[in-house]
Amino acid sequence: MTLLQVMPEDAPDNVLLRTRNHERIAEALRGCSVAFSRWPLHGTITPGTSQAEVLSHYRAEVDELCAREGLGLVDVAQLHPEEGHEWEARAAKARSAFLEEHRHAEDEVRFFAHGTGCFYLHLAGRVYAVVCEAGDLLSVPAGTRHWFDMGPCPEFAAIRFFEKEDGWVGDFTGDPIAQRFPRLDALLASGAATDAETETAT
């Protein structure tokens, strides 16, 4: 399930909010000008599903969002587990490419049609770790410092939306903050037994 965990930028062990409630997640992110919503799931995504097939499942939603937000380019990024050392090496390389804090010149808009990934948003002295799963649509404003973890065994298919062809280019900040925060697998493991909302006074 989708998860939001909020932590101070200087105290990753201090969990200010941890929730899997979609409405609570949307509310918390809205206060930071980050948009979170859900789309109904269509079709089944497998390792053999092409980019065109993924997009065809969500054509109506994609066209509506592009028209509303002025997004001109759309593609699909996807990784599915395989066996062997070559896959492990490719997965590790893909994972490491986005694990350092960076920002983009335009909004980062992603819809997860399959699988899981975590966006870490560095906003106003806090880090908002947003674990996105199938059905989640996340829109992060341009210039937002963030990083992304696809986990040790990546499995996801995400529709990506851009205004311009070079909109995905990352401007890395050089801040090592990402190294101090729990990775995706640790986030999912911690607190999984109770799965209850946690919120501390701030």
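Brief remarks on what is shown
- Scope region 13-22; condition over 18 Å from the mean Cα position of the chain (by Cα) and surrounded by fewer than 16 Cβ atoms within 10 Å (Cβ to Cβ); matching residues: 13, 14
- Screening residue 117 with (1) surrounded by 19 or more Cβ atoms within 10 Å (Cβ to Cβ); (2) of a type in the set (Gly, Ala, Ser); (3) in a loop (DSSP other than H, G, I, E, B) gives one miss only, at (3).
- When residues of region 52-65 are limited to those that are surrounded by fewer than 18 Cβ atoms within 10 Å (Cβ to Cβ) and within 19 Å of the chain's Cα centre (by Cα), the one farthest from residue 135 (Cα to Cα): 55
- Looking across 37, 33, one residue alone is closer than 30 Å to residue 7 by Cα, not in a strand (DSSP E or B) and not hydrophobic (A, V, I, L, M, F, W, C). It is 33.
- Region 32-68, subset touching a helix residue (DSSP H, G or I) at 6+ places or on another chain (Cβ under 7 Å) and β-branched (Val, Ile, Thr), residue farthest from residue 116 (Cα to Cα): 62
- Pairs with Cβ under 8 Å, 6+ apart, first in region 42-55 and on the phi < 0 side of the Ramachandran plot, second hydroxyl-bearing (Ser, Thr, Tyr) and in a loop (DSSP other than H, G, I, E, B): 42/58
- Contact annotation: residue pairs with Cβ atoms under 6 Å, 6 or more positions apart or on different chains, pairing a residue in region 67-86 that is part of a strand (DSSP E or B) with a partner that is among the basic types (Lys, Arg), are 75/160; 77/160.
- Residue 154 buried (at least 21 other Cβ atoms within 10 Å of the Cβ), outside any strand (DSSP E or B) and either touching a helix residue (DSSP H, G or I) at 6+ places or on another chain (Cβ under 9 Å) or aliphatic (A, V, I, L, M) (or both): yes
- The listed residue being in contact with a helix residue (DSSP H, G or I) (Cβ under 7 Å, 6 or more places away or on another chain) and either at pLDDT 95 or above or farther than 25 Å from residue 188 by Cα (or both), out of 71, 29: 71
The values are calculated or read from the model by the stated rules, or taken from the named source; none is laboratory data. Just so you know, these numbers come straight off a predicted model, no measurement behind them. We place every Cβ from the backbone using ideal geometry, glycine too, and count neighbours over all the protein chains shown.
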